[in-house]
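Colleague: Structure incoming, see below.
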Amino acid sequence: MRQLAYRQTHHYEEMKEHVICSHLSIVSAYSDKLQESTYPKLLLFAEPGGLITAPMVEWSKSHLQNLTTVSIGPGLHYVQEDNPDGIGRAIAEWIDRI
């Protein structure tokens, strides 16, 4: 029984590692494509932010071409609920400019 539990746990860990590596590969490829792209991009962020932190915004500004960044004010994880009007205005203004 202990040996079966060990094998199951070991198999789970191998699968988990494979999934993580696969996701990292996808994210890395996506990041490369974004850095190569000259298409207009809009990055909305809140302060202090939950998913998009200040260092991530700075990295994006220095690595992504044709990027517009807009702070929509205070917010954490659910910024669309914290400031839906600010998000709508930022998108509308960005679309008018491109």
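Values quoted throughout were computed directly from the atomic coordinates according to the rules given, and no laboratory measurement underlies them. This structure is a prediction, so every number in the text was calculated from the model and none was measured. Because the Cβ atoms are built from the backbone with ideal geometry, glycine has one as well, and the counts that use them run over all protein chains shown.
Colleague: In the chain, which helices (entire DSSP H runs) extend 15 Å or more along their own long axis, judged by Cα positions, while averaging at least 0.5 on the Kyte-Doolittle scale?
Modeller: Helices meeting the criterion: none.
Colleague: Skipping prolines and chain starts, which residues have an amide H placed within reach, meaning under 5 Å, of the one on GLY75, given they are 5 or more residues away or on another chain?
Modeller: For GLY75, whose amide H was placed from the backbone, the distant partners under 5 Å are GLU47, GLY49.
Colleague: Okay, next question. In debye, nearest 20, what is the charge dipole magnitude of the chain about its Cα centre with +1 on Lys and Arg Cβ and -1 on Asp and Glu Cβ, if you could check?
Modeller: 300 debye
Colleague: Which one, TYR78, MET15, GLY88, projects farthest toward the positive side of the charge dipole computed for the chain from Cβ point charges (K/R +1, D/E -1)?
Modeller: Going by the charge dipole, the pick is MET15.
Colleague: Going by a ≥ b ≥ c, the root eigenvalues of the Cα gyration tensor, does the chain fall in the rounded group (a/c under 1.5), the prolate group (a/b larger than b/c) or the oblate group?
Modeller: prolate
Colleague: In terms of modelled amide H atoms, which long-range or inter-chain residues lie less than 5 Å from the amide H of THR69?
Modeller: The answer is LEU43.
Colleague: Additional query: So what is the 222 nm mean residue ellipticity for the chain from helices alone, if each DSSP H run of at least 4 adds -39500 (n - 2.57) and you divide by all residues, rounding to the nearest 500 deg cm²/dmol?
Modeller: -21000 deg cm²/dmol
Colleague: Here is a follow-up. Quick one: if you stick a label point 7 Å off each Cα along the C-beta vector at GLU36 and GLU81, how many nm between them?
Modeller: Going from the GLU36 label point to the GLU81 one covers 3.9 nm.
Colleague: In straight Cα distance, which lysines are under 23 Å from LYS33, not counting same-chain residues fewer than 8 positions off?
Modeller: LYS41, LYS61
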